[in-house]
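Undergrad: Let me begin by handing over the structure; questions about it come next.
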Amino acid sequence: MVTPIDWASDVLPPRTAPWDLLVLGGGTAGIVAAKTAARLGEDVLLVERHRTGGDCLWTGCVPSKALLSRAHRPDATTLDFTTVMSEVHDAIATIEPVDSPQSLRDAGVVVVHGEGTFTGPASLEIGGEHVTFRHAVLATGSSPLVPDVPGLDQVQVVTSDSVWSLTIRPERLLVVGGGNIGCELGQAFARLGTEVTVIEAGPRILAREDADAAAVLHSALGADGIDVRTGVSLDRMESSEAVLSDGSRIPVTTVLLAVGRRPGTAGIGLDRAGVEVDDGGHVVLDPRLRTTNHRIWAAGDLTGHPALTHVAGVHGSQAATNAVLGLRRAVDLATIPRVTYTQPEVAAFGMGADRVGIDGVIERTVHHDEVDRAVAEDRTEGFSRLVLDRKGRVVGATIVGPRAGESLAEVVLAARHGLRARDLAASTHAYPTYGDGVWNASLAQLREDLTGPWARRAVRLLRALRRLFRRT
C-alpha cells in the first residue's frame with residue numbers, strides 16, 4: 001500500500017521577511033514551480049492542504065496507466081481485481097518519493113501542510129499563522145464535477161478521484177461522459193470483465209478530437225463489448241436502474257462520473273488578493289501566466305489551459321521563472337500534445353481536419369493498412385494525419401494506433417520549430433515502425449509538392465542541364 005506522507009517538518013520556521021516565492025498547491029505545477037525557484041536561489045514556501053503529488057500521482061496518470069497496463073493484457077478477464085488494485089497502489093507508492101515533501105525539502109523548499117487563504121495582495125494565512133510574500137504561484141488544481149442527478153444516492157458512485165478505492169470489481173458500470181477519462185476507464189473495466197455502458201450527451205465521444213479518430217475508438221470500444229451511446233444523458237437513478245434522457249433504462253451497480261472538472265479557486269481568498277476569476281471559476285491570466293495581481297502567477301488546471309500533467313509542469317516552471325527573474329515569456333498553447341491511452345491510442349495536437357480548406361490549410365492522411373508494421377501485427381484500424389498550412393508547415397496532427405503518443409512527439413517538435421512536411425520526409429526513419437505513418441504522410445505531401453508547376457519546371461531545367469553537361 002501507499003506509504004504515508006511525511007509531514008514531520010510541518011512547522012513554519014520563524015520569519016519576519018516576506019518569502020521570495022509562495023507556492024499554493026503541491027501538485028505537478030506547484031512542485032515544479034517550487035523546485036525551479038529554489039534552484040534559482042529563492043526562499044520558497046510551498047503550502048499543501050492534502051498531499052504532495054497532486055492528481056497525477058494519486059488519482060490520475062500513475063494509477064490510470066497502471067490499471068490500463070493490466071487491463072490491456074490478453075488474460076485481463078482472468079485477473080483478480082483485488083490484486084490488480086493492489087498493484088496499482090504499489091505503482092503509486094514506488095513513484096511517491098519523487099513528489100514527497102522530503103524531496104521538496106531536499107531541493108531547498110520549505111513545505112507546510114495546511115489550508116492556505118489569502119488575506120491581502122501579498123499575504124496568506126495558514127492555520128492561524130500569517131506569512132507575506134514578494135511573489136506567488138497559484139497551483140490549486142481541480143476536482144471532478146459531480147452533477148446534481150436525482151437518485152444518485154441509491155447507487156455506488158465514483159469519480160476519477162475515488163475509483164481507486166474500489167476493492168471489488170463492479171458488475172455493471174455506467175460511465176457518464178465520453179471524454180478521454182471516460183473512454184480510458186470504461187475500456188479498462190470492460191477488459192477486466194465488467195459490463196460497461198458509456199453515455200455521452202454530445203453527438204460523439206472524444207468531442208475535441210478528430211471525428212475520424214473518435215469513430216475508430218467508438219468501433220474499438222464496441223468490439224470490447226462496451227455499449228456506447230451518444231446524444232443521451234443521465235436523467236435519474238431509480239434504485240439499480242439508470243434512466244436516460246431518451247427514456248431507456250440500464251441496470252447498473254456502479255456509476256462513474258467523468259463529465260469534467262472544477263477549478264480549485266473557491267474558498268482561498270482570491271478576492272482579497274485581487275485575483276480575478278472568469279465565469280467558469282478559472283483564474284484570469286495574461287499570456288505570461290500572470291494574474292490580475294501583479295505579484296501572483298498561476299499554473300495548472302485552475303488556469304483553464306489544457307488540464308494535462310505535462311502542461312502543468314511546463315507552465316509551473318515558466319510561471320516561476322517569469323516571477324523570480326522578471327522574464328516575459330508567453331506560453332505556447334499551439335503545440336500541446338494530448339493522448340487518450342485506450343487501445344488504440346488517440347494522440348493529437350494543434351489544428352484538426354476541421355480547419356482544412358480555411359486559409360489554405362490542407363491535410364495528408366495515411367491509413368495504417370499502408371503501414372507495414374501495423375499490417376504485420378494485424379492492427380490496421382488507425383491512421384496518421386498531418387495538418388499543414390499553405391506553406392507546408394506542420395500545424396497539427398492526429399495519430400490513432402499503438403503508441404500513438406510516441407509517434408506524435410516528432411510532429412510536435414516539427415511544429416514547434418516551424419518545420420515543413422518535406423523536413424520530416426527528408427529524415428530517415430527506422431523501418432518498420434508505426435512512425436512510418438507520419439513519414440509516409442510527409443512523403444505524400446512531398447510528392448504533391450514535386451508535381452507543382454514550379455517544381456516541374458525546375459526538374460525540366462535540371463534534366464536539360466544534365467544532358468548538356470554529359471555532351472561536353
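The values are calculated or read from the model by the stated rules, or taken from the named source; none is laboratory data. Predicted model only: the values in this text are computed from it and were never measured. Here the Cβ positions follow ideal geometry from the backbone for every residue, glycine too, while neighbour counts run over all protein chains shown. Areas reflect the complete protein model, heavy atoms only, side chains present, ligands, DNA and RNA absent. Shrake-Rupley method; radii C 1.70, N 1.55, O 1.52, S 1.80 Å.
Undergrad: What is the sum of charges, Lys and Arg at +1 and Asp and Glu at -1, for the other residues whose Cβ falls under 12 Å from the Cβ of L388?
TA: The answer is +2.
Undergrad: Moving on. Once phi is turned into ³J(HN,Hα) by the Karplus curve 6.51 cos²θ - 1.76 cosθ + 1.60 with θ = phi - 60°, what whole-Hz value does each residue of the stretch 288-299 show in order, with x for glycine and proline?
TA: With coefficients 6.51, -1.76 and 1.60, one gets 9, 6, 8, 7, 6, 9, 5, 8, 10, 10, 8, 7 Hz.
Undergrad: In whole angstrom, how far apart do the alpha carbon centroids of the stretch 125-182 and the stretch 227-277 sit?
TA: That distance is 11 Å.
Undergrad: Using 0.36 nm times the number of residues separating D286 and T132, minus their current alpha carbon distance, what extension gain do you get?
TA: Details: separation 154, 0.36 × 154 = 55.44 nm, distance 2.36 nm.
My answer for the length gained is 53.1 nm.
Undergrad: Here is a further query. For the chain, which span is the longest to avoid every loop-located (per DSSP) member of trypsin sites (Lys or Arg not before Pro) having at most 14 other Cβ atoms inside 10 Å?
TA: So the longest stretch without any such site is 16-207.
Undergrad: Counting other Cβ atoms within 10 Å, keep those with at most 14, restrict to DSSP loop, and tell me which GluC sites (Glu not before Pro) in the stretch 122-179 are left.
TA: Here the GluC sites (Glu not before Pro) that fit, given the DSSP loop and packing criteria, are E171.
Undergrad: Something else now. Taking H placed 1.01 Å from N in the peptide plane, check which residues at least 5 places from R261 or on another chain put their amide H under 5 Å from its amide H.
TA: The list, which skips near neighbours in sequence, is L145.
Undergrad: Same structure, new question: Please state, to two decimals, what the Cα-based radius of gyration of the stretch 85-160 comes to when divided by 2.2 N^0.38 Å (N = residues).
TA: 1.62
Undergrad: Using only the alpha-carbon atoms of the stretch 156-295 as identical scatterers, what base-10 log of I(q)/I(0) does the Debye formula give at q = 0.16 Å⁻¹?
TA: Here the Debye-derived log intensity ratios amount to -0.85.
Undergrad: While we're looking at this one, here's another question. Over the Cα atoms of the stretch 36-91, Rg to Rh with Kirkwood Rh, two decimal places?
TA: 1.24
Undergrad: Suppose every Lys and Arg Cβ carries +1 and every Asp and Glu Cβ carries -1, with no other charges. What dipole size does the chain come out with about its Cα centre, to the nearest 20 debye?
TA: Around 3000 debye, computed over the chain.
Undergrad: Here is a further query. So, with +1 on the Cβ of K and R and -1 on the Cβ of D and E, and no other charges, what is the size of the charge dipole of the stretch 262-326 about its Cα centre, to the nearest 20 debye?
TA: For this selection, approximately 220 debye.
Undergrad: Here's something else I'd like to know. Using a Förster distance of 25 Å, how high is the FRET efficiency between A76 and R172, based on the Cβ-Cβ distance and rounded to 0.05?
TA: 0.90
Undergrad: Hey, any idea what % of the chain's accessible area is carbon plus sulfur with a 1.4 Å probe?
TA: 52 percent
Undergrad: If we count every other residue with Cβ under 14 angstrom of N440's Cβ, Lys/Arg +1 and Asp/Glu -1, where does the sum land?
TA: -2
Undergrad: Right, something else. Short version: what are the Cα gyration tensor semi-axes of the chain, square root of 5 times each eigenvalue, largest first, in whole Å?
TA: 42, 33, 20
Undergrad: At a probe radius of 1.4 Å, what is the per-residue accessible area of Y341, in Å² to the nearest 10?
TA: Accessible area of Y341: about 90 Å².
Undergrad: Oh, and also: How would you rank 175-183, 111-119, highest first, on the average number of other Cβ atoms within 10 Å across their residues?
TA: 175-183, 111-119
Undergrad: Could you give the size of the charge dipole of the stretch 132-246 about its Cα centre, using +1 on the Cβ of each K and R and -1 on the Cβ of each D and E, expressed in debye and rounded to the nearest 20?
TA: 420 debye
Undergrad: Kindly provide the pair-distance distribution of the stretch 229-313 built from C-alpha pairs, with 10 Å bins from 0 and whole-percent values in order of increasing distance.
TA: Cα pair-distance distribution for the stretch 229-313, in percent: 15, 33, 17, 21, 12, 1.
Undergrad: In Å², what does the accessible area per residue of the chain work out to with a 1.4 Å probe?
TA: 46 Å²
Undergrad: How much length is gained if the chain between L468 and S165 is pulled fully straight, taking 0.36 nm per residue apart and subtracting their Cα-Cα distance, in nm to one decimal?
TA: So the chain would gain 101.2 nm between L468 and S165.
Undergrad: Using the Cα gyration tensor of the stretch 325-472, with a ≥ b ≥ c the square roots of its eigenvalues, what is the shape: rounded (a/c below 1.5), prolate (a/b larger than b/c) or oblate (neither)?
TA: oblate
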